[in-house]
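Comments concern the structure below.
Just so you know, all these numbers are worked out from the coordinates, no wet-lab data involved. Since this is a predicted model, take the numbers as computed values, not measurements. Quick reminder, even Gly has a Cβ in these numbers, built from the backbone with ideal geometry, and neighbours come from all protein chains shown.
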Amino acid sequence: MPHVTAADGVKLYYEETGTGIPIVFVHEFAADFRSYETQVRHLSRQYRCITFNARGYPPSDVPPSFESYSQDKARDDILAVLDGLKIVKAHIVGISMGGFATLHFGMQYPDRAMSISVCGCGYGAQADKRAQFQAEVQATAQSMLDQGMKVVAETYAISSTRVQLQNKDPRGYLEMKAQLAEHDDVGSANTMLGVQARRPSLYELTERMAKITVPTLIAVGDEDEPCLEPALLLKRTIPTASLVVFPSTGHALNLEEPDMFNAMLDRFLHLVESGRWQPRDPRSKATSILGDNKK
């Protein structure tokens, strides 16, 4: 099985399809490399598409201690994929947990990213939600250890931001839930405790985000309540960012609306590669309600 090795020796499973400019897809907590199947089938006709499983998600290694999991390690595991495959620069696409890792990658390694797509990013970021988020993460991780992922998947998969997928695509929803139930109990709990619980709030990163020069695409579903305000923060803070809001859509953007997601990526990537993606025009930041900057 193909693997690359992270800086601390953890082996990461990957798959690649197609040739051309590389795209690395970074999955969310409730998914794995399989969740990008629709994107790979579409984009591999023009690109070299690479998916991989985060640490804690077999067939990647599952370190037994949560101390081997962190936001920085999740970020650097993307770098390990690039280095392991001898890729100098790639488009990086991430959703939710993968969106956080992609954002941090763009801040830390801008010379290795042709672009970053940060989708469904923001869970637990708002100051008034931090305590609640921490409590829910701790409780969920303990349930994973006590009851196992087969049990936890039954409730985790039916959250307020995933019922949209169930309503739109019942077969796709059942596939997502079945794959979630297959995840490793310890790996999932350690990811919760090591990455989710310890990552900094987006609101603590505004100074760093304001310095991002990499072309950035922000995407969010309009019914993904925990991520709506953070998406606006990202748009307003990152000078090279554009924001796309998917209508009547929850958290799993690429699963709920694969055609819309693929079309969005197609347009964004082509604009970047043609040199047409530009930083926000300062004149668009109006100082008056009517938008007249002369007043």
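For the stretch 202-212, in order, what is each residue's ³J(HN,Hα) by Karplus, 6.51 cos²θ - 1.76 cosθ + 1.60 with θ = phi - 60°, in whole Hz (x at glycine and Pro)?
Result, rounded to whole Hz: 4, 6, 8, 10, 4, 5, 6, 5, 5, 9, 5.
Using a Förster distance of 22 Å, how high is the FRET efficiency between ARG236 and ASP72, based on the Cβ-Cβ distance and rounded to 0.05?
Efficiency, from the Cβ-Cβ distance: 0.30.
Find the Rg to Rh ratio for the chain, where Rh is the Kirkwood radius over alpha-carbon pairs and Rg uses the same atoms.
My calculation of the ratio gives 0.95.
Which distance in nm do the two modelled labels at THR19 and ASP83 give, with both placed 7 Å along the Cα-to-Cβ direction?
Here the modelled spin labels are 2.8 nm apart.
I'd like the FRET efficiency for GLN108 and ARG130, computed as 1/(1 + (r/R0)^6) with the beta carbon distance as r and R0 of 22 Å, rounded to 0.05.
Efficiency, rounded to the nearest 0.05: 0.45.
May I ask you to evaluate 6.51 cos²θ - 1.76 cosθ + 1.60, the Karplus curve with θ = phi - 60°, for each residue of the stretch 272-285 and list the ³J(HN,Hα) values in order in whole Hz, giving x for glycine and proline?
Residue by residue, the stretch 272-285 yields 4, 5, 8, x, 9, 8, 10, x, 4, 5, x, 5, 6, 8 Hz.
What is the helix-to-structure angle for 130-147, meaning the angle in degrees between its Cα long axis and the longest Cα principal axis of the chain, kept from 0 to 90 and rounded to the nearest 10?
Tilt relative to the chain: about 30 degrees.
Let me check I've understood the local charge: for SER274, count other residues with C-beta under 13 angstrom from its C-beta, Lys and Arg +1, Asp and Glu -1. What total comes out?
So the environment of SER274 carries a net charge of 0.
Kindly give Rg over Rh for the stretch 80-176, based on alpha-carbon atoms, with the Kirkwood expression for the hydrodynamic radius.
Here Rg/Rh amounts to 1.06.
What is the spin-label model distance, in nm, from ALA181 to TYR203 if the labels are put 7 Å beyond Cα along the C-beta direction?
Label at ALA181, label at TYR203, 3.8 nm between them.
Between GLU273 and LYS285, what is the label-to-label distance in nm when each label sits 7 Å out along the Cα-to-Cβ direction?
The modelled label-to-label distance comes out at 3.2 nm.
Are any of the pairs LYS11/LYS89; LYS73/LYS129; LYS89/LYS168; LYS11/LYS129; LYS86/LYS177 more than 26 Å apart by Cα-Cα distance, and if so, which?
LYS89/LYS168; LYS11/LYS129; LYS86/LYS177
Give me the percent of DSSP beta bridges within the chain that run antiparallel, rounded to the nearest 5.
25 percent
Return the long-range amide H neighbours of SER117 (sequence gap of 5 or more, or a different chain), with a cut-off of under 5 Å between placed amide H atoms.
Answer set, sorted by chain and number: ILE92, VAL93, GLY94, LEU217.
Using Cα-Cα distances under 8 Å and only pairs 6 or more residues apart, what relative contact order does the stretch 3-278 have, in percent?
20 percent
Enter the angle in degrees (range 0 to 90, nearest 10) between the Cα long axis of helix 71-84 and the first principal axis of the Cα atoms of the chain, meaning the one along which they spread out most.
Result, in degrees: 90.
Which whole-Hz couplings ³J(HN,Hα) result when phi for each residue of the stretch 44-56 is put into the Karplus expression 6.51 cos²θ - 1.76 cosθ + 1.60, θ = phi - 60°, listed in order with x for Gly and Pro?
Result, rounded to whole Hz: 5, 5, 10, 10, 8, 9, 10, 10, 8, 9, 4, 4, x.
How big is the charge dipole of the stretch 96-229 about its Cα centre, in debye rounded to the nearest 20, if each Lys and Arg gets +1 on its Cβ and each Asp and Glu gets -1 on its Cβ?
280 debye
Would you mind giving the three semi-axes, in whole Å and largest first, of the ellipsoid equivalent to the stretch 145-246 according to its Cα gyration tensor?
The three semi-axes for the stretch 145-246 are 30, 19, 11 Å.
Based on the Cβ-Cβ distance of ALA139 and LYS168, what FRET efficiency does E = 1/(1 + (r/R0)^6) give at R0 = 35 Å, to the nearest 0.05?
So the FRET efficiency works out to roughly 0.75.
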